[in-house]
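Heads up: the structure comes next, in structure tokens.
Coordinate-derived values only; no laboratory data. Remember, predicted model here, so these are calculated numbers, not experimental data. Virtual Cβ from ideal backbone geometry, glycine too; neighbours counted across all protein chains shown.
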Ligand code: XLS
Ligand code: CA
Ligand code: CA
């Protein structure tokens, strides 16, 4: 059965749908483009979500012609294999509830998951596709209305733990290289009814149990937390990269956890995508990326396919500086707009995102090879390599010495140089325009 009315997407072929920038086999900095970018398809937006929003129902059916739940989920798996083949995408990501329907009891749900994950795993492995990460959907079902790992009810917490246990097993079975925690409802609406300290301790307990179990059953990949400041709750505990790093450090989870940074969540937190990536990198927790973009005129999580080459360039600059992905990749946690109501529109969305990041990779490589940014930053901080600067860095200088130094030195305004932002912005633009 063929679900998409499209030929395989080719590279600059002159076909109706083609990549202009993405060339999987092209070598950049000694590595193939596809291995730099490690593109993944998000199961939920691509094979599950039908375009419903707060004001209207779905516009694009994703039953793929199936009739019974079992049939529908098998067809979703087949569609996923075909879709990723068409685009040459090697990775996929899912929530447990994306790939199998919830049953009447937890044991029935788990059986569904066992069977359908076998089917999905086989069909994807046949085409050489790999699981980038798995996760548990701990936000959709009404039982999680007040949270899952941070629920006021210990019963709900235990149910969530059971779900996480199973999702980790499925991830391990399918050879996943990552396991994500996105704290959708792990937050609060008002402190009038919330014990914030207990909720955060409990979240850490759940993560600790998950790590302990995952390692025990042979999971060698990375656990990730995906920061997001708000939506669905008003105040989410995993607000941004810095907040999550503080939490991981407090609960001694830094050895097992890295971050999955999403572009749209960064902007919701009032940060640039690059800021969140750099924060992860300099703290040694850069892991994976949910590639999308928000709409600056809208204040919510729009999960659009990325077309902003500038942002993609600065993102890839961070990825290259971090030494590239190890277990992570670029997962398109992105959806087509509701008005784009054909399955094939999704192919255009992915082509848009993949070309944007391929262009970003080439521009980032050109920035690194050109060296202008690096040279500038190095020289901006050169006073830290000699004299008083190096004494401060080595810890030799005490505050009295600095006071004496300042008194003898006179006004220091003459040592202040221009930050040359516009020159550097010209450099970045030039690399984006000129790279081929
Ligand atoms: C929602 C999140 C979610 C996670 C996985 O905003 O982006 O899709 O990536 O649960
Ligand atoms: Ca995401
Ligand atoms: Ca999002």
Open item on the list: If I fit a long axis through the Cα atoms of helix 343-370 and take the longest principal axis of the Cα atoms of the chain, what angle between them do I get, 0 to 90°, rounded to 10?
Closed with: 20 degrees
- [ ] For the stretch 96-175, state the semi-axes of the equivalent ellipsoid (square roots of 5 times the eigenvalues of the alpha-carbon gyration tensor), sorted largest first and rounded to whole angstrom.
- [x] 25, 13, 10
Open item on the list: If I take R0 = 45 Å and measure r between the Cβ atoms of residue 154 and residue 408 in this structure, what FRET efficiency does the formula 1/(1 + (r/R0)^6) give, to the nearest 0.05?
Closed with: 0.10
Task: In range of the label at residue 173: residues from the stretch 114-144 whose backbone nitrogen is under 12 Å from the point 7 Å along Cα→Cβ - done: 114-122
Open item on the list: Within a 10 angstrom radius of the beta carbon, how do 194, 63 rank from fewest other beta carbons to most?
Closed with: 63, 194
Task: Proxy reagent accessibility, fewest Cβ within 10 Å first, across 318, 396 - done: 396, 318
- [ ] Run a plain Debye calculation on the stretch 35-113 (Cα atoms as equal point scatterers, no solvent) and give log10 I(q)/I(0) at q = 0.16, 0.24 Å⁻¹, rounded to two decimals, same order as the q list.
- [x] -0.68, -1.17
Open item on the list: Can you give me the angle between helix 241-250 and the longest principal axis of the chain, using Cα atoms only, in degrees from 0 to 90, rounded to the nearest 10?
Closed with: 90 degrees
Task: Simple spin-label estimate for residue 208 and residue 296 in nanometres, 7 Å along Cα-Cβ - done: 4.4 nm
Open item on the list: Considering only C-alpha atoms, what is the centroid distance from the stretch 23-45 to the stretch 154-201, in Å?
Closed with: 30 Å
- [ ] Extending each Cα 7 Å along its Cβ direction at residue 374 and residue 57, get the distance between those two points in nm, one decimal.
- [x] 5.7 nm
- [ ] Have a look at 382, 311, 355 and tell me which one the Gaussian network model of the chain (Cα, springs below 10 Å) gives the largest fluctuation.
- [x] 382
TODO: Hey, could you get me the Stokes-Einstein D for the stretch 162-309, Kirkwood radius over alpha-carbon pairs, 25 °C and 0.890 mPa s, rounded to whole µm² s⁻¹?
DONE: 154 µm²/s
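Provide Rg over Rh for the stretch 180-234; use the alpha carbon set for both Rg and the Kirkwood Rh (inverse mean inverse pair distance).
Reported Rg/Rh (Cα atoms, Kirkwood Rh): 1.05.
Percent relative contact order of the chain, based on C-alpha pairs within less than 8 angstrom and at least six residues apart?
On the way: 709 pairs, mean separation 61.2, N = 436.
Relative contact order, the chain: 14 percent.
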Open item on the list: To check my understanding: the extent here is largest minus smallest coordinate of the Cα atoms along each principal axis. What are those three numbers for the stretch 240-295, in Å, largest first?
Closed with: 36, 18, 15
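On a full-extension model of 0.36 nm per residue, what is the gain between residue 23 and residue 71, subtracting their alpha-carbon distance, rounded to one decimal in nm? Numbers along the way, then the final one.
Details: separation 48, 0.36 × 48 = 17.28 nm, distance 3.54 nm.
Difference between extended and current length: 13.7 nm.
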Open item on the list: Show me, bin by bin at 10 Å from 0, the whole-percent P(r) of the chain based on Cα pairs.
Closed with: 4, 19, 29, 25, 13, 6, 3, 1, 0
TODO: Whole Å is fine, so just give me how far the alpha carbon centre of the stretch 277-298 lies from that of the stretch 70-107.
DONE: 26 Å
- [ ] Starting from the Cα-Cα distance between residue 105 and residue 254, subtract it from 0.36 nm times their residue separation and give me the gain in nm to one decimal.
- [x] 50.1 nm
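Taking 0.36 nm per residue of separation and subtracting the Cα-Cα distance, what length does fully extending residue 321 through residue 190 add?
Numbers: separation 131, 0.36 × 131 = 47.16 nm, distance 4.00 nm.
Between residue 321 and residue 190, full extension yields 43.2 nm more.
Obtain the radius of gyration and the Kirkwood radius of the stretch 144-228 from its C-alpha atoms and give Rg over Rh. Kindly include the intermediate steps, with their values, before the conclusion.
Values: Rg = 13.4 Å, Rh = 13.4 Å.
When Rh is taken as the Kirkwood radius, the ratio is 1.00.
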Task: Per-residue [θ]222 nm for the chain (sum of -39500 (n - 2.57) over DSSP H runs n ≥ 4, rounded to 500) - done: -14500 deg cm²/dmol
- [ ] Enter the angle in degrees (range 0 to 90, nearest 10) between the Cα long axis of helix 154-173 and the first principal axis of the Cα atoms of the chain, meaning the one along which they spread out most.
- [x] 90 degrees
Open item on the list: If R₀ is 25 angstrom, what is the calculated FRET efficiency for the pair residue 310 and residue 235, using the beta carbon separation as r and rounding to 0.05?
Closed with: 0.25
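Could you give the semi-axes, largest first, of the ellipsoid that matches the stretch 138-177, computed as the square roots of 5 times the alpha carbon gyration tensor eigenvalues and rounded to whole Å? Don't jump to the answer; show the numbers that get you there.
Working: eigenvalues 105, 18, 9 Å².
One finds semi-axes of 23, 10, 7 Å for the stretch 138-177.
Once you keep just the Cα pairs under 8 angstrom separated by 6 or more residues, what percentage relative contact order results for the stretch 263-361? Don't skip to the answer; put the middle values down first.
On the way: 139 pairs, mean separation 32.0, N = 99.
Result for the stretch 263-361 is 32 percent.
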Open item on the list: Distance between the C-alpha centers of the stretch 306-344 and the stretch 403-436? Whole Å please.
Closed with: 30 Å
